[in-house]
1. When both residues are 6+ apart or on different chains and their Cβ atoms are under 7 Å apart, which pairs have a first residue that lies in the stretch 372-394 and is closer than 24 Å to T334 by Cβ and assigned by TED's automatic domain parsing to the domain that holds M54, and a second that is surrounded by fewer than 15 Cβ atoms within 10 Å (Cβ to Cβ) and hydrophobic (A, V, I, L, M, F, W, C)?
2. Please go through (1) under 29 Å from R235 (Cβ atoms); (2) outside any strand (DSSP E or B) for A158 and return the number of the only condition it doesn't satisfy.
3. Within the stretch 50-81, can you find the residues that are farther than 26 Å from A345 by Cα and assigned by TED's automatic domain parsing to the domain that holds P156?
4. Counting just the residues of the stretch 79-95 that are touching a helix residue (DSSP H, G or I) at 6+ places or on another chain (Cβ under 9 Å) and over 16 Å from G157 (Cβ atoms), which one comes out surrounded by the most Cβ atoms within 10 Å (Cβ to Cβ)?
5. Of the residues V433, V390, which single one is crowded, with 22+ Cβ neighbours inside 10 Å and more than 30 Å from L248 (Cα to Cα)?
6. Identify, please: which residue in the stretch 192-221 is closer than 18 Å to P156 by Cα and of a type outside the set (A, V, I, L, M, F, W, C) and is, among those, surrounded by the fewest Cβ atoms within 10 Å (Cβ to Cβ)?
7. Among the numbered criteria (1) assigned to a loop (DSSP other than H, G, I, E, B); (2) touching a strand residue (DSSP E or B) at 6+ places or on another chain (Cβ under 8 Å); (3) within 18 Å of T304 (Cβ to Cβ), which one does G79 miss?
8. Which is closer than 23 Å to F417 by Cβ, acidic (D, E) and surrounded by fewer than 24 Cβ atoms within 10 Å (Cβ to Cβ), of E168, E164, E133?
Amino acid sequence: MQYCDILLHAAHIVTQDEQGRILDNASLAIADGLVVGIGPRADMDALWQAARVMDMGNSLVLPGLINAHTHAAMTLLRGLADDMPLMDWLGKSIFPVEKQLTADLTRLGSLLGYAEMLRTGTTACVDMYLFAEASLEAAHTAGLRCLGGEAVFDFPGAACAGPEQALEKTLALAEKYRSHPRLRVAVNPHSVYTCSPQTLGACRDLAHSQNLPLHIHLAETPQETALCLSAHAMRPTALCHSLGLLDLPCTLAHVVDVSAEELDLLARTKAVVAHNPSSNMKLASGTAPVPAMLERGLPVGLGTDGPASNNRLNIFVEMDRCALLHKLAEKNPTVLPAEQTLHMATTGGAAAMHDMRLGRLAAGRPADCVALNLDAPGLQPLYSPVSHIVYAATGMETRMTMVGGEVLYEDGRFSRFDYPALCAEARAARDFVLRAAGRKPA
């Protein structure tokens, strides 16, 4: 008999392991935050004695989903400005409010965003925003995994007077969280249209010297490409390549306006693409050539972008929209089948986090998992668990979300924070946001 902390039973377990196993009437053994065993329930009951037994009944357990690109604190701006082109949306509605943000508001918005992620089965995210120390503190409070860092701009903002201060903050955060079990830091130049080549080079140098990944918005729209050509006589991907950014581990958000030659280039680098289908559709930025990326072996994860341009932080929604969008764009119903789309939300997300321990349920890997209630009307009857995950589940069927063997959400309750109090704070912040946007609170 072996001993473990938790023995978790479920009707079905989708492992996403190398063999792609889907186990019926199966169990996970968890010790010290890791999966230490997985197999048929009868065998696991005979092998393991647990301090706690979690019988999830008629549930489907899968690896925790990973949000490959987000700005969680923008939950406070959700619904503030819709139905606008990206550059107008940023310049007229978002940047003016962000200039007046505070660390406390960022902490509040981030925690609310992380609550939404946990509620809908996301256990890790790649986050970029202002006052990153507040966002990372919120991630620590919530308990999920986060690769975060201060957004770097050439112009002054609420958090930093300029790029030098943003990079100083990034270095301080990297040193603070270097040994944290769930939080890590990336260098986050916002984009090629908000950062000069000099600033991008400074970001590269810091990432290289501190062994940190880079995270940048890249080639999101044809307008971005036109701005880059006008300013630098190069397209965004070529500019980043010329500056050596792509020589480092990097997560590239969007990658919509790219050529076949640029995709060939990216496939030879250490880049990972974070595809954000809902945001790209809502802002009419274009359709990222995801099938062509995957054909080249370029890793692709799924992101929500910020909740002001989505307006959700729900990777179940992104999986469904991703698969359907590309079937339509390619006029081919076989493109991005459910299995491939689920890999984008799990192992692809792990690549975007630059942490390949994540995204699978297997012995020795972190016990990050989600349980869906299969008694929900929209998940019956069950023929293919992966089909239900991608095409039928909404995320609201999530019964339980676990990170590192710790249950952070279960059956309506968050274990680490007071959710009703958090909602009350968010409602109180609404008046500030309206005033910052030049509107009169109701």
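The values are calculated or read from the model by the stated rules, or taken from the named source; none is laboratory data. Please read all numbers here as calculations on a predicted model, not as lab measurements. Note that each Cβ is placed from the backbone with ideal geometry, even for glycine, and that neighbours are counted across all protein chains shown.
1. H388/L382
2. (1)
3. Kept after step one, since they are farther than 26 Å from A345 by Cα, are these residues of the stretch 50-81: 50-53, 80-81.
Result: L80, A81.
4. Step one: list which residues in the stretch 79-95 are touching a helix residue (DSSP H, G or I) at 6+ places or on another chain (Cβ under 9 Å), which gives 80-87, 93-94.
In the following step, the residues that additionally are over 16 Å from G157 (Cβ atoms) were identified as 80-87.
On the way: L80: 19, A81: 16, D82: 13, D83: 8, M84: 17, P85: 14, L86: 21, M87: 15.
Taking the candidates together, the pick is L86.
5. On the way: V433 fails: crowded, with 22+ Cβ neighbours inside 10 Å.
Every option except V390 fails the conditions.
6. Checking each candidate, the answer is Q198.
7. (2)
8. Details: E168 fails: closer than 23 Å to F417 by Cβ; E164 fails: closer than 23 Å to F417 by Cβ.
Exactly one of E168, E164, E133 is closer than 23 Å to F417 by Cβ, acidic (D, E) and surrounded by fewer than 24 Cβ atoms within 10 Å (Cβ to Cβ), namely E133.
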